[in-house]
């Protein structure tokens, strides 16, 4: 979903980036003019700025793709974000405990969605990417990675988020009940929701001041032992999240 950015010239320039999607990875200036409702000279200026920054590039005359600069900034994120750096040791520990197939990943709220920031695949067997594949925008009120964050925020902060994406008091009451259950357990879990055949468990990643930095999730193939697996994985992730918080605090002090 594209964000409707208005305001500064920089905002409008960055709105071009929203055009590039897996379904439509390649654009011309003329096509972007139509999509953005801007003049050719204006959109050309946007493209020129993004090319200079390496965020888009011309694969052949007049046609543009996302550029190598994104990979550069992605590496900067991976090496500088204390939470992602703290996650590396956790990923190694948990991957040694589970043969897979599956994945362990860190998610954050981003532009009204939940998005996996960093992931590690478990085992050699293939495992479907699913709703929470790294970099994919997933609905905010969908699945444990999101609810493990939302449930530990103040309700007054969550309600406006909900009403931007859904409506109906009955639905909101159900959301509140679900969040209370998650808070009492300390983690969120689901089977076949939203991805069929997948057991998914998520724990909140907390700042030292009690704020929520994101969620830590483990996805595995669903099995006959789902109930026992959820309890075991939930407890493990809560402990792992606490360890990550301690490593982050040690790294920034």
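Looking only at the stretch 90-104, how many residues end up being farther than 14 Å from residue 236 by Cα and in contact (Cβ under 8 Å) with a residue 60 or more places away in the chain? Spell out the reasoning first.
First, pick out the residues of the stretch 90-104 that are farther than 14 Å from residue 236 by Cα: 99-103.
Filter again for in contact (Cβ under 8 Å) with a residue 60 or more places away in the chain, leaving 100-103.
Number satisfying all stated conditions: 4.
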**OP:** For residue 108, state whether it is modelled with pLDDT of 95 or more, surrounded by 12 or more Cβ atoms within 10 Å (Cβ to Cβ) and assigned by TED's automatic domain parsing to the domain that holds residue 150.
**Re:** yes
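Quick grid of which residues meet (1) free of Cβ contacts under 8 Å to residues at least 24 places away in the same chain; (2) farther than 15 Å from residue 108 by Cα; (3) crowded, with 19+ Cβ neighbours inside 10 Å:
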residue: 210; (1), (2), (3): yes, yes, no
residue: 227; (1), (2), (3): yes, yes, no
residue: 232; (1), (2), (3): yes, yes, no
residue: 241; (1), (2), (3): no, no, yes
residue: 247; (1), (2), (3): no, yes, no
Original post:
Inside the stretch 28-145, counting only strands (runs of 3 or more DSSP E) that do not spill past its ends, which hold 1 or more residues that are under 23 Å from residue 215 (Cβ atoms)?
Top reply: 102-110, 113-122, 137-139
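The values are calculated or read from the model by the stated rules, or taken from the named source; none is laboratory data. Not measured: the values here are computed from a predicted model. Don't worry about glycine lacking a Cβ; one is built from the backbone with ideal geometry, like all the others, and counts go over all protein chains shown.
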